[in-house]
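Chemist: One structure, pasted below without further comment.
The values are calculated or read from the model by the stated rules, or taken from the named source; none is laboratory data. As the structure is a computational prediction, the values presented were derived from the model and not from experiment. Every residue, glycine as well, gets a Cβ built from its backbone with ideal geometry; the counts of neighbours run over all protein chains shown. Each accessible area value is taken on the protein alone, full model and side chains, heavy atoms only, with ligands, DNA and RNA left out. Shrake-Rupley method; radii C 1.70, N 1.55, O 1.52, S 1.80 Å.
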Amino acid sequence: MFYREAGQYKTTYQSDMAIFPLRQDRIGILIILALAYVAVPLMASDFILKTIMLPFLALVLAVIGLNILTGYTGLISLGTAGFMGVGAYACYKLTTIFPEVNILVWILVSGFFSAGIGVVFGLPSLRIKGLYLAVATLAAQFFLQWAFVRIPWLYNYNPSGAIEVPLRTVFGVPVTGPTAAIEVKYLIALTFVVVLTWVASNIVHGRIGRSWMAVRDMDIAAQLMGIKLLETKLLAFAVSSFYCGVSGALFVFIYLGGAEAGTEFGIRLSFIILFAVIIGGLGSMIGSFFGAGFIVALPTILKFGLPAIGIAITGAIAEKIVVMVIGALTIYLLIVEPHGLARLWQIAKQKLRVWPFPY
Amino acid sequence: MTDATLTTRKPVLGESQRNGLIAGGVLALFIAALVVATQTGTITRNDWTYKIFVDPFVSMVDMPDLLVQTVWEGFVAGVLYSLIALGFVLIFKASGVFNFAQGIMVVFAALSLVGIYEFLTLTLGMPAGFVAALVAMAGALGIMFVLAVAVERIVLRPLVNQPDIIMLMATVGLTYFLIGFGEYIFGGSPKVMITSQLGLPTGSTMLDFAGGRINIQHLDLAAAIIAAVMIAVLGFFFQYTRIGRALRAVADSHKAALSVGISLNQIWVIVWFTAGIVALLTGIMWGARSDVSFALEIIALKALPVLIVGGFTSIPGAIVGGLIIGVGEKIGEFYWGPLLGGGIESWLAYIIALMFLMFRPQGLFGDKIIERI
């Protein structure tokens, strides 16, 4: 009824290959964008912006990044948090060395540093995969975490060992640092997410994305069809780490406002992002959003939602339950719905398409 | 994996052996060059080459007592790593599952032991001591058994025949569930292991050695002995009992084992329970050396490099791999760590494992040829 594709003919290859082939989808995405850009900053309280929207927007890029690597290319990585850290520290160093350059440029550029490191640690993926590769990426995680603590140059010899985000303005408006308005931060993060998601979804729908998926499904067959494994896998590592790096820079500069050396980008964050990818749906862009949203919203709902409806629960217990629920849900989804929340979304769309006739 | 294995005729000198010879030759040349350079004064004490390649070895020879102490500490750490790896190998051999949760099972088992002991003595008023500790031990074993059954029913059975990577992620999920569950029940604060109540020795002995003294904790000695006994018992169990034979049959081929009437589900419960027992013993010894808390999670991950060095399917491999990693990282930390600012222990194990991956991907004793591309 609401979701009919009747009468929409695809007359060109271009319209057939479009990311949103249906008019309803295009209208829907415009409405979502309008809501995100206008309604949310106007209506949402600072609390919701601060505790849900900002971490969600920062983490969603990391989830997309890991999804590119694990979901699309089939290479498992446990070093996501390490690559995020590279982005954050690169951005910090760049903006303290060249303070006059626009901070938004540095956030983007720091992704390239992360991509470089990602390629180096991705080299073993040419010979190994599965758990072996997981161990190789664990090496990246622990090595990078160690570097963030032990190389004082990275945090400008700050005696507390932490990086503090300096005040930076864009066209006179404070963007980062303690005095920046939360709405401004939100809009900046949102723009990064929208643009980078658009880029990512174009990459995965194009030739490169197809070669990644070919490698994931069967690498030997992909090689026989003329896909160069070396370039393809390293490109996946580079793009994935780029997204993680930008995500890390946003995480520190927009959301946290400062990071202790090595504690923010620990192994637990890597796992959390891996879970977000699984829960959202391996190999799905929209799934990355669902996964990141779920991971960010669940602790807040448990911590603040349950007391609001009368179930007394302390923050400490809520945190433990969150860990438990995430672990259990991962197993549950792997058993029941291996394609994650994204698959549920597809089913819902399919239902809407045939409604009110159930066939 | 497959029922048939491909065999090829080996040349007189295998590829790895040839590579080894070349590497050895290069190393010998390098050492000779260093000796000549040091003797002729080309390299002085302040050069970085001297600090990296000469100084650590000089101090090893000069102070053998420190070297032996470091090796001993590495040996003890290695025994504990290999025990975690051992539980992993048991499960991998019998069900082909990469059990990421083994390290957390160690912490979980140790926490249940201490938690039950506290419950017995504080809440039920049982006199503290050996009896209460034994009861707690039985309780902890019961918990590990329930865990084994639950894992088999809830996780393994529905996921049978799924790709390896899905199974791995399921055990990662299990890891997280156990962390949250354990912290929820036993609290997040570190606990003290009931070492003396279990009858484990606690003192230490100083040995005179080569002009210095070596400090040996009795507990470490006991840990090494218990580990050796456990490995012997496991070896006997695998080799000579009916269940052990069934386990080996399942490891060889699931289908063939099923067709001769071995119940896979039963075998998996047994294997996970055995891994749980190994986890409990590991947890006791580990907890006795430091506090029992989920901070051990990071150290538990070190079992993965151990497995890569030793191979996924070999029990001796787990032991030797653990010792290599344990001794290697302690020596690296002690002699080369200061050059890099210390704390390199946190990643050295993984780098050692990476080196092994480059040259010998199946590990020292592993028999599964990993898929090359």
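Chemist: Go through region B:151-177 and flag every residue whose accessible area shrinks by 30 Å² or more with all protein chains in place compared to the isolated chain (probe 1.4 Å).
Modeler: Output list: B:LEU159, B:ILE165, B:ILE166, B:LEU168, B:MET169, B:VAL172, B:GLY173, B:TYR176, B:PHE177.
Chemist: If one takes the accessible area of chain B alone plus chain A alone and subtracts that of the pair, with a 1.4 Å probe, what total in Å², rounded to the nearest 100, results?
Modeler: Roughly 4400 Å² of accessible surface disappears when B and A pair.
Chemist: What are the residues of region A:313-359 that lose 40 Å² or more of accessible area, with a 1.4 Å probe, going from their chain alone to all protein chains?
Modeler: SASA drop of 40 Å² or more in region A:313-359: A:LYS320, A:VAL323, A:MET324, A:ILE331, A:LEU334, A:ILE335.
Chemist: Still on this structure: What ³J(HN,Hα) values, in whole Hz, does the Karplus curve 6.51 cos²θ - 1.76 cosθ + 1.60 give for region A:210-222 when θ = phi - 60°, with x put for Gly and Pro?
Modeler: 5, 5, 4, 5, 5, 5, 4, 6, 6, 5, 5, 4, 4
Chemist: In square nanometres, what is the average projected area of the Cα convex hull of the protein assembly as shown?
Modeler: 40.3
Chemist: Now for a separate question. Which residue, B:LEU234, B:LEU159, B:LEU27, tops the fluctuation ranking in a GNM of chain B built on C-alpha contacts under 10 Å?
Modeler: B:LEU27
Chemist: Quick check on my link table: of A:LYS93/B:LYS51; B:LYS302/B:LYS330; B:LYS93/B:LYS302; A:LYS50/A:LYS349; A:LYS50/A:LYS351; A:LYS93/A:LYS228, which ones sit more than 25 Å apart, alpha carbon to alpha carbon?
Modeler: A:LYS93/B:LYS51; A:LYS50/A:LYS349; A:LYS50/A:LYS351; A:LYS93/A:LYS228
Chemist: Projected onto the charge dipole of region A:47-354 (+1 at Lys/Arg Cβ, -1 at Asp/Glu Cβ, origin at the Cα centre), which of A:ILE208, A:THR137, A:GLY245 gives the Cα projection farthest towards the positive end?
Modeler: A:ILE208
Chemist: Let's test the formula: R0 of 51 Å, r as the Cβ-Cβ distance of A:SER160 and A:MET213. What FRET efficiency results, to the nearest 0.05? Mind dumping the intermediate values first?
Modeler: Working: r = 45 Å, r/R0 = 0.89.
Computed FRET efficiency for A:SER160 and A:MET213 comes out at 0.65.
Chemist: So, one more: Might you report the magnitude of the Cβ-based charge dipole of region A:47-354 about its Cα centre, with Lys and Arg at +1 and Asp and Glu at -1, to the nearest 20 debye?
Modeler: On the way: 19 positive and 10 negative charges, 124 e Å.
Roughly 600 debye for region A:47-354.
Chemist: As a check on your grasp of the helix formula, calculate [θ] at 222 nm for the protein assembly as shown: sum -39500 (n - 2.57) over DSSP H runs of n ≥ 4, divide by the residue count, round to the nearest 500.
Modeler: Here the helix-only value at 222 nm equals -21000 deg cm²/dmol.
Chemist: Oh, and also: In chain A, if the dipole is taken from +1 on Lys/Arg beta carbons and -1 on Asp/Glu beta carbons about the Cα centre, which of A:ALA328, A:ILE117, A:VAL354 is farthest to the positive end?
Modeler: Sorting the options by dipole projection puts first A:VAL354.
Chemist: Per residue of region B:300-313, in order, report the coupling 6.51 cos²θ - 1.76 cosθ + 1.60 (Karplus, θ = phi - 60°) as ³J(HN,Hα) in whole Hz, putting x for Gly and Pro.
Modeler: 4, 5, 5, 4, 5, x, 4, 5, 5, 5, x, x, 6, 10
Chemist: Sticking with this structure for a sec: Grab the beta carbon distance between B:MET206 and B:ALA228, set R0 = 25 Å, and tell me the FRET efficiency rounded to 0.05.
Modeler: Computed FRET efficiency for B:MET206 and B:ALA228: 0.60.
Chemist: Using alpha-carbon positions, what is the distance between the centroids of region B:292-357 and region B:200-253, in Å?
Modeler: 19
Chemist: Give the range of the longest stretch in chain B that excludes all trypsin sites (Lys or Arg not before Pro) found in loop regions by DSSP and having at most 15 other beta-carbon atoms within 10 Å.
Modeler: The reported range is B:46-371.
Chemist: Which of the listed residues, A:ALA259, B:ALA318, A:LEU196, is farthest toward the dipole's positive end in the protein assembly as shown, when Lys, Arg count +1 and Asp, Glu count -1 at the beta-carbon?
Modeler: Selected residue: A:LEU196.
Chemist: How long are the three semi-axes of the equivalent ellipsoid of region A:16-71, in whole Å, if each is the root of 5 times an eigenvalue of the C-alpha gyration tensor, listed from largest down?
Modeler: Working: eigenvalues 123, 87, 5 Å².
Its equivalent ellipsoid spans semi-axes of 25, 21, 5 Å.
Chemist: Moving to a separate point now. Considering only DSSP states other than H, G, I, E and B, which trypsin sites (Lys or Arg not before Pro) in region A:1-107 qualify as loop sites with at most 12 other Cβ atoms within 10 Å?
Modeler: Answer in residue order: A:LYS10.
Chemist: GNM on chain A, C-alpha springs below 10 Å: top fluctuator among A:LEU274, A:LEU298, A:LEU35?
Modeler: A:LEU35
Chemist: Where is the GNM fluctuation largest for chain A (alpha-carbon springs, 10 angstrom cutoff): A:GLY206, A:GLY79, A:GLY161?
Modeler: Looking only at A:GLY206, A:GLY79, A:GLY161, the biggest GNM fluctuation is shown by A:GLY206.
Chemist: For the protein assembly as shown, with all protein chains present and a 1.4 Å probe, just round the carbon and sulfur fraction of the accessible area to a whole percent. Before the final figure, lay out the partial values.
Modeler: Values: 23200 of 33680 Å².
In the protein assembly as shown, the share of accessible area belonging to carbon and sulfur is 69 percent.
Chemist: Please list the non-local residues whose amide H lies under 5 Å from the amide H of A:VAL170, H modeled 1.01 Å from N, same-chain partners needing a gap of 5 or more.
Modeler: Under 5 Å from the amide H of A:VAL170 lie the amide H atoms of A:VAL175, each far enough along the sequence or on another chain.
Chemist: Based on DSSP loop calls and a cut-off of at most 13 other Cβ atoms within 10 Å, the longest stretch of chain A free of exposed GluC sites (Glu not before Pro) is what?
Modeler: Between the exposed loop sites, the longest stretch runs A:101-359.
Chemist: Could I ask something else about it? Stokes-Einstein D for region A:47-354 at 37 °C, 0.692 mPa s, Kirkwood Rh over Cα pairs, in µm²/s?
Modeler: 166
Chemist: While we're here: Using the Karplus equation 6.51 cos²θ - 1.76 cosθ + 1.60 (θ = phi - 60°), what ³J(HN,Hα) coupling, rounded to whole Hz, does each residue of region A:185-194 give in order, writing x for Gly and Pro?
Modeler: In residue order, the calculated couplings are 4, 4, 5, 4, 4, 4, 4, 4, 5, 4 Hz.
Chemist: Would you mind classifying chain B by shape? Square roots of the alpha carbon gyration tensor eigenvalues, ordered a ≥ b ≥ c; an a/c under 1.5 is rounded, otherwise it is prolate if a/b is larger than b/c and oblate if not.
Modeler: Oblate, because a/c is 1.5 or more while a/b does not exceed b/c.
Chemist: What's the magnitude of the charge dipole for chain B around its Cα centre, counting Lys and Arg as +1 and Asp and Glu as -1 at the beta-carbon? Answer in Debye, nearest 20. Walk me through the intermediate numbers first.
Modeler: On the way: 20 positive and 21 negative charges, 211 e Å.
The dipole magnitude comes to about 1020 debye.
Chemist: Take A:ALA181 and B:ASP55, extend 7 Å from each Cα along the Cα→Cβ direction, and tell me the distance between the two endpoints in nm.
Modeler: The modelled label-to-label distance comes out at 5.6 nm.
Chemist: Something else about it: Hey, what's the protein assembly as shown come to in accessible area per residue, 1.4 Å probe, Å²? Walk me through the numbers before you get to the answer.
Modeler: Values: 33680 Å² over 732 residues.
Accessible area per residue: 46 Å².
Chemist: Could you give the nm distance between label points at B:ASN215 and B:LEU340, where each point is 7 Å from its Cα heading toward the beta carbon?
Modeler: My value for the distance between the label points is 2.6 nm.
Chemist: Within region B:244-288, whose backbone N sits under 16 Å from a point 7 Å along Cα→Cβ of B:ARG157?
Modeler: It comes to B:263-273, nothing else.
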